[in-house]
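Below is one structure; the comments refer to it alone.
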Amino acid sequence: MPEMPDLLHDAMTRAARYLATLDERGVAPTPAALARLAALDVPLPAEPGDPAATLALLDDVAAPATMATAGGRFFGFVTGGVLPAALAANWLAGAWDQNCFLTVASPATVAVEAVALRWLLDVLGLPPETAGGFVTGATMANFTALAAARHALLQRVGWDVEADGIFGAPPITVIAGAEAHPTLFKALGLLGLGRNRVVTVPVDDQGRMRADDLPAISGPTIVCLQAGNVNSGACDPLAQVIPLAHAAGAWVHIDGAFGLWAAAAPQRRPLITGYAQADSWATDAHKWLNVPYDSGLAFVRDAAALRGAMAPSSVAYLPEGATREPQHYTPEASRRARGLEVWAALHSLGRAGVADLVERCCRHATRFAEGLRAAGYDILNEVTLNQVVVAFGDDDLSQKVVAAIQSDGTCWCGGTVWRGRAAMRISVSSWATTDADVERSLAAMLRLARQVAES
């Protein structure tokens, strides 16, 4: 059996080789690579085996069947790559094997997480008193922030929801735009607030909530706004809606899974003017900060509301210190030290690097839109962030072009339906995407669109 250093060195060598060869392969795995995955579906071994052989099998069989999301030509979803510093920090965190829920369990990672949180508030321009939690993704970030909203609103009317539950509680009205992301509704369902009880507000042709259609607000109410429509990238009129909601006593939550990062780029920040006046925010660091997955971020201006919703009951065997205890701000207790990767990304990029990352992706999106529009294809959205929605003709033709692009392998983009039309969505979110990647991908898109139209 190999020693741990030998096995880790083997893993490093294999990982480095994988990353170095991404540019040579198609973005999507080949049918042959997918077929080989059956080699992993074997009976559970009866006896211990060689860890080196286990690692080799995974690398030989699974690696070729991965989607090349770590490269520069995956545009299928709002999926960032992984910055070198963040990936290296992820490896360190795995080796350290820390449980980042209490200071006494992991003083180093708890301290690093506190610094990372302070830096996040700084780079995103959120109020300095804001509390935050490192969660699994945008779904749980929405869940966590909305749980704080539920706590605060019901506390105002004398109801302790954590102690007494929602049965018999005063009702909470939830208002959201008609094109709010599905994960927001999922979080509301998990909280017992109901997916079907949401009052939806009409949106404009870019998916932005119409401020003049905001309904009258009375009683405990949460108004959910969006920074970054999943298709168009458009942002709700935050500066108009937030004052109206607050004047009526509502809690305002912003689902900014990727759009909140516009705050980090001075040229894009005007797109979300007024965002810092909200009560809570949800975003995802694996999107535009380009850290590994499992890195959602929940922010709540009222720290007591977040802690009230999340803190567990005290027990003698879990001693708490005088510093911030992470388990008071997230649904989980035991969890990995995901804040380490966020710290590493921010430390390696600095304020200017984060701004450049966001701006660069937006510039690449604009180039895609310009090139496709010049070739005569319909750009269906206002390209203000990193999203492009393009139609190549009628629905049947557009769907065939999307399928051809996905099969070709030069790049990978997803299909969508936008404003009643079948289209292709281009999402540019990775630090690894270069000008050359964009031009190579654009040339493939134009070539394949012509071939499909002529066939």
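Within segment 402-415, can one find any residue that is among the polar types (S, T, N, Q), assigned to a strand (DSSP E or B) and either at pLDDT below 95 or crowded, with 19+ Cβ neighbours inside 10 Å (or both)? No: zero hits. Y377 meets each of the listed conditions (1) crowded, with 19+ Cβ neighbours inside 10 Å; (2) of a type outside the set (S, T, N, Q); (3) within 19 Å of the chain's Cα centre (by Cα) apart from (3). For segment 261-308, the tally of residues that are under 10 Å from the mean Cα position of the chain (by Cα) and either small (G, A, S) or farther than 15 Å from G81 by Cα (or both) stands at 6. Residues considered: A68, A28. Of these, the only one that is touching a Leu at 6+ places or on another chain (Cβ under 6 Å) and closer than 20 Å to I426 by Cα is A68. From the list A264, A278, A239, A305, the one residue that fits, being aliphatic (A, V, I, L, M), under 21 Å from A180 (Cα atoms) and buried (at least 22 other Cβ atoms within 10 Å of the Cβ), is A278.
Just checking: which of the strands (runs of 3 or more DSSP E) contained wholly in segment 233-333 hold 1 or more residues that are of a type in the set (S, T, N, Q)? Reasoning before the result, please.
Numbers: elements: 251-255, 280-284, 296-300.
Fully inside segment 233-333 and qualifying: 280-284.
Residues that are more than 21 Å from the chain's Cα centre (by Cα) and part of a helix (DSSP H, G or I) are absent from segment 215-228 altogether. Look through segment 175-198, keep the residues that are touching a Phe, Trp or Tyr at 6+ places or on another chain (Cβ under 7 Å) and of a type in the set (A, V, I, L, M, F, W, C), and return whichever of them is surrounded by the most Cβ atoms within 10 Å (Cβ to Cβ). Per the stated criteria, the residue is A187.
The values are calculated or read from the model by the stated rules, or taken from the named source; none is laboratory data. Everything numeric in this text was worked out from a predicted model, so none of it was measured. Note that each Cβ is placed from the backbone with ideal geometry, even for glycine, and that neighbours are counted across all protein chains shown.
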